[in-house]
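Trainee: The structure's right below; bear with me while I get my questions together.
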Amino acid sequence: MSGRGDSEMHDVGDPAQEARRARWTAATTGAVLALAGVAASTLRLTSSAPALVPAAYACGAVVCALASVLGSRGRTRRALWLLVFGVMVMALGDQFD
């Protein structure tokens, strides 16, 4: 006996716990990136940046918000790729500034 409780031993490799953690991570990351994209879009909209820059940030934020929804529903692999794509859209828009 190693002194561990029975519940601790089940939490280590519990697939349901790992899936729940992946869903929360995808949903939280998507929400944070969406908020960052909206904030950047708003800041760029008030400055003298070309119109394409805030539009790219807004589109990237929408994609990250969609990834957050998919992640919360358990589609974490698709959410990951959407998060990558959303950040790439925001980075591409930043290049036009």
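Every number here is computed from the coordinates shown, using simple stated rules; none is lab data. Please read all numbers here as calculations on a predicted model, not as lab measurements. Here Cβ is always computed from backbone atoms with ideal geometry, including for glycine, and neighbour counts include all displayed protein chains.
Trainee: Would you confirm whether any residue within the range 57-78 is in contact (Cβ under 8 Å) with a residue 40 or more places away in the chain, more than 9 Å from the chain's Cα centre (by Cα), on the phi > 0 side of the Ramachandran plot and in a loop (DSSP other than H, G, I, E, B)?
Mentor: Looking for residues that are in contact (Cβ under 8 Å) with a residue 40 or more places away in the chain, more than 9 Å from the chain's Cα centre (by Cα), on the phi > 0 side of the Ramachandran plot and in a loop (DSSP other than H, G, I, E, B), one finds at least one in the range 57-78, hence yes.
Trainee: Kindly provide the set of residues from the range 39-56 that are surrounded by 14 or more Cβ atoms within 10 Å (Cβ to Cβ) and either in a loop (DSSP other than H, G, I, E, B) or small (Gly, Ala, Ser) (or both), ordered by number.
Mentor: ALA40, SER41, ALA49, ALA55, ALA56
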